[in-house]
């Protein structure tokens, strides 16, 4: 029997997720949900260009979709915050439908929304559903992969994770999101107002600490602009020397002795992009993915690949590290 | 409540495993089993030097141990073949005791002993036990880690895994096991007679294919001696130029289009030891652990770290990739 999948959110990432899901022999696409009136009521083929979905419609809400079909899983790509995601996924859970979400905070909702996390877990158990937040970052390179690598360590003293992304090779929204072209002080003001920086770094660090059973104190978080040291021109924009060309976002925590450091740089013309995990332990681990893992393509993959693993897991608010080892689906 | 652990097999790896387990705050060591008459009846402190186990005894069999105590888990470090392991672990399973084993074939017993694998699975479900085979290789660097890395790939065309171990830095039994000092023809004869080479490579390749749902045909396996290009002297032995100083063991399989290659070199004075996983896919992944993961220390870690994950898993013959993501315990 195929896994029936609906897509909630038909923005760029949602469409890419759906396109990938539609290629999987085990998946059957049964509907889409979006708030855009230009999409509602049309077929997914019309809206996304995916062939074979001429009879599969876009609905204005999950409730409308649920009147016509019951998916096994909803791929949810709409928001970054748990409290914004909750009203969207609550009706899915109550209908006994599992959710795989790109919502960054859902990677570890226990951090910022412990009460909501408990509520989601209780609802899932009651209605036989599962919720998982995943992606490439958060979701893999700065958390799940690092946890996995500790599996061959007798002891771990500290973990340093470094991700360097060359934003020049990424899509326009990312190039803007990292503050390209902003005066450095403007960047710093926006970070203080929670309008700049990467969502998910503190969730990643908290997930690692949770898995390793480290009682970490307050997470120290800094986010500084990367300043262009030359005039930069990408496919989409230009940045003059001296202005912001990206972010350097860093989170640190410790349990008194053991230390976790997550260091994320995403900037235009970044040299030597990579995903590195360095474990000071016995034995030590010095791991690097040369070139790094491509953000958008990998996030879409992580979402779709998680579907079979999620459906095999127990009911509840799941963590990436609770379910079976990730794999291409 | 602590996890009650017994150790089956008190050879060098068994003792190291027990030593590590004894350091874990969640573990309580309740007994040991060995066939050596010099060890039977003595305390684990006498036999292993671990403090605090003065009242914990070594028994001649699991049946004898079970008369006195019921562990939650047995750490089984005794043999490499499923059919040799089976009579040892069957009484444990029938007593409802879970088993974490270093037996290489138990990583994926479905390959060489499909009937026994089914029998173990059925016994486990009947008697509420679990069996897992793990270690660093097989168990992690050439299988579980590679599967995990595909989790952020939309598609995978081929996987090449390379492990290079500098055997000069390893213990004496490994330096001998890789054929050090043998004339090359003698090495080849021993491989043909199944007396040389690394046990587990074909299990690793089969586990990956299983996880990725690739229907691979016959596995092509080669094992050649690495020839010393200079006179080699280690802490334990000497090898003259022109004689064998290690193994180059390789397994390849494909499903018609997709290819899996596992390439293992373990030899004296090996340059640039590493664990590399190269995935040709979308996105591609080019991962390397510089220096490699230390074999013995990591195998001991993998065994002990698996214990909590195994006890949280469902009953049955488990695979490393079925249970939660590995982590340091």
Scale the Cα Rg of segment A:205-329 by the rule-of-thumb value 2.2 N^0.38 Å and send over the ratio, two decimals. 1.32
With Cα coordinates, the longest principal axis of chain B makes an angle with the long axis of helix B:12-23, in degrees rounded to 10, of 60
Is the shape of chain B rounded, prolate or oblate, going by the alpha carbon gyration tensor and its root eigenvalues a ≥ b ≥ c, with a/c under 1.5 for rounded and a/b larger than b/c for prolate? oblate
Listing B:93, B:13 by rising number of other beta-carbon atoms within 10 angstrom, fewest first, gives B:13, B:93
Chain B, relative contact order [Cα under 8 Å, separation at least 6], %: 19
Quick check: the angle from helix B:114-127's long axis to the longest principal axis of chain B, C-alpha only, nearest 10 degrees? 30
Would you kindly work out, in nm and rounded to one decimal, the distances from the label point of residue A:272 to those of the same position in each other copy, ordered shortest first, with label points 7 Å along Cα-to-Cβ? 1.7
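Among the DSSP beta bridges whose two residues both lie in segment A:158-266, what percent are antiparallel, rounded to the nearest 5?
Details: 18 of 26 bridges.
Roughly 70 percent of the beta bridges in segment A:158-266 run antiparallel, per DSSP.
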How much of the DSSP bridge set in the protein assembly as shown is antiparallel, in percent, rounded to the nearest 5? 55
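By counting other Cβ atoms within 10 Å of each Cβ, how are B:70, A:24, B:128 ranked from fewest to most?
Working: B:70 14, A:24 20, B:128 11.
Least to most surrounded, the residues fall as B:128, B:70, A:24.
Which percent, to the nearest 5, of DSSP beta bridges fully inside chain B are antiparallel?
Values: 35 of 65 bridges.
Here the share of antiparallel DSSP bridges comes out near 55 percent.
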Given a Förster distance of 45 angstrom, what is the FRET efficiency for residue A:255 paired with residue B:195, based on the Cβ-Cβ distance and rounded to 0.05? 0.40
Ignore the peptide's own chain and count Cβ atoms of other chains within 10 Å of each Cβ in B:276-283; give me the average, rounded. 3
How crowded by other chains is B:152-163, given as the mean number of beta carbons from other chains within 10 Å of each beta carbon? 5
7 Å along Cα→Cβ for the label point: how many nanometres lie between residue B:23 and each equivalent label in the other copies, listed shortest first? 4.5
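Return the average number of partner chain Cβ atoms within 10 angstrom of each residue Cβ along peptide B:208-214. Mind dumping the intermediate values first?
Numbers: counts 1, 0, 1, 5, 3, 6, 0.
Shielding by partners across B:208-214 averages 2.
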Euclidean distance of C-alpha centroids, segment B:197-247 and segment B:255-301, integer Å: 12
Could you state the angle between the C-alpha long axis of helix B:82-94 and the longest principal axis of the C-alpha atoms of chain B, as a value from 0 to 90 degrees rounded to the nearest 10? 30
Each label sits 7 Å from Cα toward the beta-carbon; between residue A:67 and residue A:213 the label points are separated, in nm, by 5.2
What's log10 of I(q)/I(0) for the protein assembly as shown at q = 0.06, 0.10 Å⁻¹, Debye sum over Cα points only, no solvent? -0.36, -0.97
Of the listed peptides A:212-221, A:191-200, what is their order by residue-averaged count of other C-beta atoms within 10 Å, with the highest listed first? A:191-200, A:212-221
Ranked from fewest to most other Cβ atoms within 10 Å of their own Cβ, A:89, B:40 fall in the order B:40, A:89
Counting pairwise Cα distances across segment B:144-292, what percent come out greater than 19 angstrom? 55
Helix-only [θ] at 222 nm, chain A, -39500 (n - 2.57) per DSSP H run of 4+, per residue, nearest 500, equals -9000 deg cm²/dmol
Nm distances between the label at residue A:35 and the same-position labels in the remaining copies, 7 Å along Cα→Cβ, shortest first? 7.0
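Bear in mind that the values in this text are calculations on the coordinates, not laboratory data. This is a predicted model, so every value here is computed, not measured. Methodologically, a virtual Cβ is constructed for each residue, glycine included, from the backbone with ideal geometry; neighbour enumeration extends over all protein chains shown.
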